Amino acid sequence: MPRPEIQAPPEIFYNEAEARKYTTSSRIIEIQAKISERALELLSLPNDGVPRLLLDIGCGSGLSGETLSENGHHWIGYDISQSMLDVALEREAEGDLLLADMGQGLGLRPGVIDGAISISAVQWLCYADKSSHEPRMRLKAFFGSLYRCLARGARAVLQLYAENMNQSEMIMTYAMRAGFAGGVVVDWPHSSKARKAYLVLTCGPPSMQTSLPKGKGEDGGMCSDDDESGDDESQTVGIYDRNRPRKKLKVNKKGKGREWILKKKEQMRRKGHDVPPDTKYTARKRKARF
């Protein structure tokens, strides 16, 4: 069966029938609960009993939001499917729900979010569903807005199903360009079915507190260092450098100035070339016509 991302855009694929089928499946509910618990664990929120304001990107029918509510947190849910949000309202999800396209940016105030999770959603940005969609620009808008709305030091944990290594690298590249530090944590790396990849991002430069946790092994425990040193497909932790591009230098649109031309002429004279003398007309721009 082809991947959902290939069949149709998310707002069309998750229609009313698919949304109800997704939410009533006991298997999907169980998987969503486990992944959400793991994502919340990777957020590493302080265990001080204070509720945090979290973001659930691609919240769907609110299955992952239930985990956040059960742990005493407030949350805001984003999803592009109206049918999924309608089911979430019927189920009386406790979070604030927003119908929005994450590829156009999140549109939240800077520094107001204490953490963010996303379950099986970010990989949708790698597909162009409309002629106006450019995956790289959509990833840039998403990660840029996510970085701005997170408090400094806050984490975002994005569980995703990348189709191939190129998709993973493209997603990671634009996350690092936005300013995030972090990497990929993989649970059960040697299992084809249970394998789960989490993009763990920290808002701000890397530090001792931002070190990545280890992925879980087949027995549910943390993987050993031997497991981490395998090939890329089986690696449990992948750490990437923060790579925020520098601002481009301003370019003089007027072109080469008089000083530059005089300097070049002097260099040519030193080399023994026959150079016309300097006059008041040197480096003066000619008119379009005589």
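Just so you know, all these numbers are worked out from the coordinates, no wet-lab data involved. Remember, it's a predicted structure, so these values are computed and weren't measured experimentally. Cβ: placed from backbone, ideal geometry, glycine included. Neighbour counts: every protein chain shown.
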Task: Vicinal HN-Hα couplings computed from phi for the range 271-283 (Karplus, 6.51 cos²θ - 1.76 cosθ + 1.60; Hz; Gly/Pro x) - done: 7, x, 7, 7, 10, x, x, 7, 9, 5, 8, 4, 6
Task: Computed label-point distance, nm, for sites residue 274 and residue 195 using a 7 Å Cα→Cβ extension - done: 7.3 nm
- [ ] Provide the per-residue ³J(HN,Hα) series for the range 116-124, in order, calculated from phi with Karplus coefficients 6.51, -1.76, 1.60 and θ = phi - 60°, each as a whole number of Hz, with x at glycine and proline positions.
- [x] 9, 10, 8, 10, 6, 10, 5, 5, 4
Task: Per-residue ³J(HN,Hα) for the range 195-201, Karplus 6.51 cos²θ - 1.76 cosθ + 1.60, θ = phi - 60°, Hz, x for Gly and Pro - done: 4, 9, 10, 10, 8, 9, 10
Task: Amide hydrogen neighbours beyond the local backbone of residue 77, cut-off 5 Å, H modeled - done: 56, 96, 97, 98
TODO: Give the Rg (one decimal place) followed by the Dmax (whole number) of the range 137-181, computed from C-alpha coordinates and expressed in Å.
DONE: 10.7, 31
- [ ] Taking amide H positions as placed in the peptide plane 1.01 Å from N, state which residues far from residue 160 in sequence (5 or more) or on other chains have amide H under 5 Å from it.
- [x] 120, 197, 199
TODO: For residue 129, put the label point 7 Å out on the Cα→Cβ axis and report which residues of the range 1-18 keep their amide N under 15 Å from it.
DONE: 3-18
- [ ] Grab the beta carbon distance between residue 7 and residue 33, set R0 = 22 Å, and tell me the FRET efficiency rounded to 0.05.
- [x] 0.30
Open item on the list: For the pair residue 112/residue 25, report the inter-label distance in nm, with labels modelled 7 Å from Cα in the Cβ direction.
Closed with: 3.4 nm
TODO: Could you give me the percent of Cα pairs per 10 Å distance bin for the range 20-84, shortest bin first, beginning at zero and ending with the bin that holds the maximum distance?
DONE: 21, 52, 24, 4
Open item on the list: Please compute the length gained on full extension between residue 161 and residue 287, using 0.36 nm multiplied by the number of residues separating them and subtracting their Cα-Cα distance.
Closed with: 39.3 nm
